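Any read-out appearing in this document is the output of simple, stated calculations on the displayed coordinates, not a laboratory observation. No experiment lies behind these values; they were computed from the predicted model shown. For neighbour counting, all protein chains shown are included, and Cβ atoms are generated from backbone atoms with ideal geometry for every residue, glycine included.
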Amino acid sequence: MGRNPLCRWKDRSRHGWTAIDWSNEMSREELLAARIRQLERRPEDIERAAARVKEARIRNKARFDRTHRLRPKKIEEGDWVLVYDSSLDNQHRSTRKFVRRWFGPYIVRGVNDNATYHLAELDGTQITTPVAGKRIKAFKRRNEAEPNPGTDSASSDQEDE
C-alpha cells in the first residue's frame, strides 16, 4: 500500500514511458522518435493492461465467492423460486408498504454463468428475459403430508365418528 505501482514491475525497460531514454537535452527529432516508439508500443501496453485487469477481476471474484455465502443452497434447474420486484426500491410513497414484493412461484429452466436465471411459469410458459440472481429466493413448498396450520385435525376426526 502507498507504493508506486511502477515499482512492482520486474522489467521496467519494456513498459511505457520508462522504456524510453528521457535525457535532459533532446533534440526535436530525438523527442519525436521517442514519442513514436511510445505510440508504437501502445497497443501492446493496452493489451497487457486489459489482461492484468481481467486476471485481477477473476481473482477478486474467487475471493468474494470464498468469503461471502450469499445463499445456503445453490438454486438449480428445476427448483421453485420467487422473484423480487425491485422497481419498488426507489419509490417513497406510503402505499408501497402494502404492495406485494415477491412474485411467483416460478420454475428455474436454466442457470447462466453470470448468475442470471431463465424462469418459466408453473404451466411451462417461458419468461423471455433472464432474472438476476440477487432478485431470486428459493420457494419452499409445503408438504402435503403436513396438516394445514389453520385446521384442527382432532376436531375433524371427532366429526367423522
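Here are a few things to note about the model shown:
- Full-stretch length increase - Ser86, Ser27 - with 0.36 nm per residue and alpha-carbon distance subtracted: 15.0 nm
- Shown is the FRET efficiency for Arg48 and Ser94, computed with R0 = 41 Å from the Cβ-Cβ distance and rounded to the nearest 0.05: 0.15.
- Relative exposure of Ile136, Ile36, judged by other C-beta atoms within 10 Å (fewest first): Ile36, Ile136
- Each residue, Arg57 and Leu122, gets one label point 7 Å from its Cα in the Cβ direction; the gap between the two is 4.0 nm.
- Where trypsin sites (Lys or Arg not before Pro) fall in DSSP loop in region 50-118, at most 15 other Cβ within 10 Å: Arg69, Lys73, Lys74, Arg93, Arg100, Arg101
- Cross-link partners for Lys97 among the lysines, with Cα-Cα distance under 27 Å and sequence neighbours closer than 8 places in the same chain left out: Lys134, Lys137, Lys140.
- Ordered by the count of other Cβ atoms within 10 Å of each Cβ, fewest first, His92, His118 give His92, His118.
- Qualifying GluC sites (Glu not before Pro) in region 29-131, DSSP loop, other Cβ atoms within 10 Å at most 16: Glu76, Glu77, Glu121
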